[in-house]
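Colleague: Got a structure for you, questions after.
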Amino acid sequence: MPGAAIDEIDLKILDALQADGRMTNVDLAAKVGLTAPPCLRRVRTLEERGYIASYHAHLDPVALGYTITVFAMVSLKSQAESDLRAFEAYVAELPQVRECHMLNGEIDFILKVVAQDLRSFQQFLTSKLTQAPNVASVKTSLTIRTSKNLPGVPIEE
């Protein structure tokens, strides 16, 4: 369970794995000052406690043909919990939506959407997003460039 006590070595492990999730256990152990068996036990404990949620590759969207990233600000007609959950379930099934965050204030959700080009984004917007149940309005902002895109959280020892 997150929140359970972790020490400096655990923080070093988390920092190292966040920077390079493909690091071997032997390399990780050397980096944090342990031998391999206790290092592996600590990693497994961090996984079991939920500090390490998953491992994945960070892909280059442009190399894969996704040249457009758009942030969509969505307002719903109703903010009843069942309607909020229904919208979240709907966008969970849309592969173009890479992130979905519920906000407070005028906007109910902000979505990070990727598309191959402007035409495919417009098609997605008009056929999927604005047509979603309970959607009152959608405002979009096309990204010009990304100057920082770090996964995870800062680890402070």
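Colleague: For segment 17-60, state what percent of all Cα-Cα pairs lands in each successive 10 Å bin, counting from 0 Å until the bin that includes the largest distance.
Modeller: Result, from short to long distances: 27, 54, 17, 2 percent.
Colleague: By how many nm would the segment from Thr24 to Gln123 grow when fully extended, if each residue of separation counts as 0.36 nm and the alpha-carbon distance is taken off?
Modeller: Stretched out fully, the Thr24 to Gln123 stretch lengthens by 31.3 nm.
Colleague: Using r as the Cβ-Cβ distance of Asp7 and Leu150, and R0 as 22 Å, what FRET efficiency do you calculate, to the nearest 0.05?
Modeller: Taking R0 as 22 Å, the efficiency between Asp7 and Leu150 is 0.35.
Colleague: Please enumerate, by chain and number, the lysines with C-alpha under 30 Å from the C-alpha of Lys77, excluding those fewer than 8 residues away in the same chain.
Modeller: Answer for Lys77, where 30 Å is the Cα cut-off: Lys112, Lys128, Lys139, listed by chain and number.
Colleague: I've got another one for you. Under the rule a/c < 1.5 gives rounded, and otherwise a/b versus b/c splits prolate from oblate, where does segment 108-147 land using the Cα gyration tensor?
Modeller: Oblate.
Colleague: Per-residue ellipticity at 222 nm for the chain, helices alone: DSSP H runs ≥ 4 residues times -39500 (n - 2.57), over residue total, nearest 500 deg cm²/dmol?
Modeller: Helix-only estimate at 222 nm: -10000 deg cm²/dmol.
Colleague: Kindly report, to the nearest 10 Å², the accessible surface of Val135 as traced by a 1.4 Å probe over protein heavy atoms only.
Modeller: Result for Val135: roughly 10 Å² accessible.
Colleague: How would segment 72-153 be classified by its alpha-carbon gyration tensor: rounded, prolate or oblate, with rounded meaning a/c under 1.5 and the a/b versus b/c comparison settling the rest?
Modeller: oblate
Colleague: A further question on this structure: On the full set of protein chains, 1.4 Å probe, figure out the accessible area of Lys139 and give it in Å² to the nearest 10.
Modeller: 110
Colleague: While we're looking at this one, here's another question. Please list, short to long, the whole-number percent of alpha-carbon pairs of the chain in consecutive 10 angstrom bins beginning at zero.
Modeller: 9, 30, 24, 23, 13, 2
Colleague: Among all the aspartates and glutamates, which ones have a C-alpha under 20 Å from Lys31's C-alpha, if same-chain residues fewer than 8 places away are not counted?
Modeller: Of all the aspartates and glutamates, those that pass the test against Lys31 - Cα under 20 Å, at least 8 places apart if same chain - are Asp7, Glu8, Asp10, Asp15, Asp20, Glu47, Glu156, Glu157.
The values are calculated or read from the model by the stated rules, or taken from the named source; none is laboratory data. All of these numbers come straight from a predicted model, not from anything done at the bench. Glycine also receives a Cβ, built like all others from the backbone with ideal geometry; neighbour counts cover every protein chain displayed. Keep in mind that these areas ignore ligands, DNA and RNA; they rest on the heavy atoms of the full protein, side chains included. Shrake-Rupley method; radii C 1.70, N 1.55, O 1.52, S 1.80 Å.
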